[in-house]
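Worksheet: one structure, shown below.
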Amino acid sequence: MRSVLRHIAALLLSSAVLSAQAADDKMLFVEYRVVSADLDRIRRDMAEALHGLLSSQDSGGWRPHVTIQNKVPPKESRAVIDRLAADFRPCALAISGLGLHRYLGGPWETLAIHPFRGR
């Protein structure tokens, strides 16, 4: 795992962008999609290094995102999407490192933070 983290720390993430997305017609959450080949590579390398240790959710599909709103009524979700979409423009996103968190049934506990140092 340490070798994977050293490899990850050497990457400079410059190609990430944000775009507005909605889950489906029910619109129960609002998110910004993160698009980055570097981040996809990091995730793939980590998943390979941790093969057999990941939960079915973590070893399944990969869709990096920033959650804006979650588990809300469809009408409220639609109003937020409309407000965000009015001014949203895809933009560069600086990713400063990786965090390891444990889900506690609602809140998340931070276990470790690994900042990137660049090249």
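Every number here is computed from the coordinates shown, using simple stated rules; none is lab data. This structure is a prediction, so every number in the text was calculated from the model and none was measured. Cβ coordinates were reconstructed from backbone atoms using ideal geometry, including for glycine residues, and neighbour counts include every protein chain displayed.
For region 80-97, indicate whether the set of residues that are in a strand (DSSP E or B) and among the hydrophobic types (A, V, I, L, M, F, W, C) is non-empty.
So in region 80-97, the residues in a strand (DSSP E or B) come out as 92, 97.
With the extra rule that they be among the hydrophobic types (A, V, I, L, M, F, W, C), the set shrinks to 92.
Within region 80-97, one or more residues are in a strand (DSSP E or B) and among the hydrophobic types (A, V, I, L, M, F, W, C).
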Going through region 41-70 in order, the residues found to be part of a helix (DSSP H, G or I), within 13 Å of the chain's Cα centre (by Cα) and surrounded by fewer than 14 Cβ atoms within 10 Å (Cβ to Cβ) are Asp58
